[in-house]
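Notes to accompany the following structure.
Coordinate-derived values only; no laboratory data. Treat the numbers as computed from the prediction; the structure is a model and nothing was measured. Note that we place each Cβ from the backbone using ideal geometry, even for glycine, and neighbour counts take in every protein chain shown.
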Amino acid sequence: MERRDVQGHYEQLAAEYDEHWAYGPHYITWMSARIAESLRLSSADRIADIGCGTGMFAREVARIVNPEHALLCVDPSVAMLRQIGTPPPVDLTPIVASAEGIAVGHVQLPYGQLDAIWLKESVHHVTDPAATLRGLANRLAPGGHLLVVMLPTSIEYPLFQAALDRFAELQPDPELIVDHLRAAGLRPQLRYVDYQLRLDREKYIGMVRARYMSVLSMFSDSEIKKGIEEMRAAHPEPVLAFPDRFAFVLGVKPGEGR
């Protein structure tokens, strides 16, 4: 199976990324609200979105929270960060860096400590999750919150079977992330949140063709074409209805901070 590098995948997808991930008019607002409430964000918090992509969730979180300090939008893809705007909104600060770079302190941040960090569907790209989450935990102020939003190892998407199998093979277990946060000195908790999706079949097929999920970048053009044929046969209905289930893994740093 043809492999493509993840950063190259997102560089190519950047201009259309929001279109592919904005499942419906309420999805981004819904997810951003869940992130803000899980982190118990206040306007005084120093906040970072690690692996922010185009900043679509950070932008909405900033609208909800109205932060006093600019929310840090961290991503290794310049093309993705460029979608935030030029110049960026005053409440968002783009930073070109990986999660690993932030964790080990190779990147200078505007704030010495952070009150809240989240990673949404990016932890599976991290080469050493235990070390990276430990490093991010060290960036937290006392009482700070670190949230990992991720898919479970099994998903009910109407994808072709080879893609579902490859996803299950590569996706880390949320329980393992709980263990990593505990080992990093945080108090962890895990909950699952569901969002019911209804998408026009042809729109979803177009998203798959564009490889909207990083796992799809591991399939060649011919494999994607074959997979789409399989999807059409398995799902003749014009509207696809399926649950999007997310694990919210939260770690809280001991202390009096917030």
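The table below gives the values:
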item: The chain, relative contact order in percent, only Cα pairs under 8 angstrom and at least six apart counted; result: 22
item: Sorted by Cβ neighbour density within 10 Å, fewest at the top, the residues Ile102, Ile228; result: Ile228, Ile102
item: Stokes-Einstein D in µm²/s, Kirkwood radius over Cα pairs - the stretch 76-185 at 4 °C with 1.567 mPa s viscosity; result: 83
item: Projected-area mean, the stretch 150-258, by convex hull of Cα positions, square nanometres; result: 8.2
item: Principal axes of the chain: Cα extent on each, largest first, Å; result: 56, 40, 31
item: Neighbourhood net charge (14 Å Cβ-Cβ; Lys/Arg +1, Asp/Glu -1) for Pro236; result: -3
item: Radius, Kirkwood style, for the stretch 45-114 when every pair of distinct Cα atoms is counted (Å); result: 11.9
item: Length-normalised contact order for the stretch 133-258 - Cα pairs under 8 Å, 6+ apart - percent; result: 49
item: Estimated translational D of the stretch 88-146 in µm²/s (Stokes, Kirkwood radius over Cα pairs; 4 °C; 1.567 mPa s); result: 106
